[in-house]
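The values are calculated or read from the model by the stated rules, or taken from the named source; none is laboratory data. Bear in mind the structure is a predicted one, so any value in this text is a computation, not a measurement. Every residue, glycine among them, receives a Cβ derived from its backbone with ideal geometry; neighbour counts consider all protein chains shown.
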């Protein structure tokens, strides 16, 4: 049985950047790669950029199309601890799914402190619903870090997703997700996030019930912080105990930043889990 040690320093326990050497280089590189990917697919008329799904300037999504008829839709929800980044950082992560025949949507959403987590979840639900209107077939959700929390939230009790859209979801892949918000309240980040006790209970997927019987594949890098790994397995333990078809696994050799890069690689383990239903 895995041994989880008590958390002594909550800020250090959730400091993903501090745990990875050269962490500051990832976002600038991703922005360059994302811009190149958008430019290439726009030139091929396979990209729809800045589709509005609401009135806020951040209520925008990009939609990338495969060659020929799409097998279905993947929606990627980005991370940034609910307070940073946007869709423009991650476009290149669509490559694995697009080359596997799926359309791939990436929304931005309102950020803390402007928005509370309940508002952010509502934004994601609206973005998923808009993308699902445009693409027929099954809908698959994948999210990284805070985005992992948000995609799990879409299929847990009190989901803001409309029923017909929820019914089309056939796979959810939280990557390095944050599924219990109570420890986040003990970090300095909460000065910005403003998660209160009630919201921690109402918005933590681990503390809620799964409400849709699709498979959930929770993954995390084997080289990630212990708390990120624990959160992944805690969700699987809680939901499996409620009868949900969920499994969890660590991706060998991956840390918090390079684990999500697997989505850009056709045939990678995470891409196969998302697009082909490969077992963990």
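Scanning region 238-255 for residues that are over 17 Å from residue 217 (Cα atoms) and in contact with a helix residue (DSSP H, G or I) (Cβ under 8 Å, 6 or more places away or on another chain) yields one hit, 255. Condition (residue is under 19 Å from the mean Cα position of the chain (by Cα) and assigned to a strand (DSSP E or B)) applied to region 193-211: is it met by at least one residue? The answer is yes, given that some residue of region 193-211 is under 19 Å from the mean Cα position of the chain (by Cα) and assigned to a strand (DSSP E or B). Residue 232 fulfils the conditions (1) in a helix (DSSP H, G or I); (2) more than 17 Å from the chain's Cα centre (by Cα); (3) surrounded by 20 or more Cβ atoms within 10 Å (Cβ to Cβ) except for a single criterion, (2).
Looking at 248, 218, just one residue is at pLDDT 95 or above, in a strand (DSSP E or B), under 14 Å from the mean Cα position of the chain (by Cα) and over 23 Å from residue 11 (Cβ atoms), and that residue is 218. In this structure, does residue 198 turn out to be without any contact (Cβ under 8 Å) to a residue 24 or more places away in the chain and crowded, with 21+ Cβ neighbours inside 10 Å? Criteria not met by residue 198.
Being under 20 Å from the mean Cα position of the chain (by Cα) and in a helix (DSSP H, G or I) holds for only one residue in 40, 34, 12, and it is 34.
Restricting attention to region 162-181, the residues that are in contact with a strand residue (DSSP E or B) (Cβ under 8 Å, 6 or more places away or on another chain) and either surrounded by fewer than 24 Cβ atoms within 10 Å (Cβ to Cβ) or under 18 Å from residue 134 (Cβ atoms) (or both) add up to 5. Scoring residue 272 on the criteria (1) more than 30 Å from residue 31 (Cβ to Cβ); (2) surrounded by fewer than 22 Cβ atoms within 10 Å (Cβ to Cβ) leaves a single failure, condition (1).
Pairs linking a residue in region 29-50 that is more than 18 Å from residue 73 (Cα to Cα) to a residue that is part of a loop (DSSP other than H, G, I, E, B), with Cβ atoms under 8 Å and 6 or more positions apart or on different chains, are 30/90; 34/90.
So is residue 82 assigned to a helix (DSSP H, G or I) and either at positive phi or buried (at least 21 other Cβ atoms within 10 Å of the Cβ) (or both) or not? Spelling it out, it is not the case that residue 82 is assigned to a helix (DSSP H, G or I) and either at positive phi or buried (at least 21 other Cβ atoms within 10 Å of the Cβ) (or both).
Taking the criterion of being farther than 20 Å from residue 208 by Cβ, in contact with a strand residue (DSSP E or B) (Cβ under 9 Å, 6 or more places away or on another chain) and part of a helix (DSSP H, G or I), the residues of region 127-158 that qualify are 127, 130, 131, 132, 134.
Pairing each residue of region 139-154 that is on the phi > 0 side of the Ramachandran plot with any residue that is part of a strand (DSSP E or B), provided the two are 6+ apart or on different chains, yields C-beta distances under 9 Å for 145/175.
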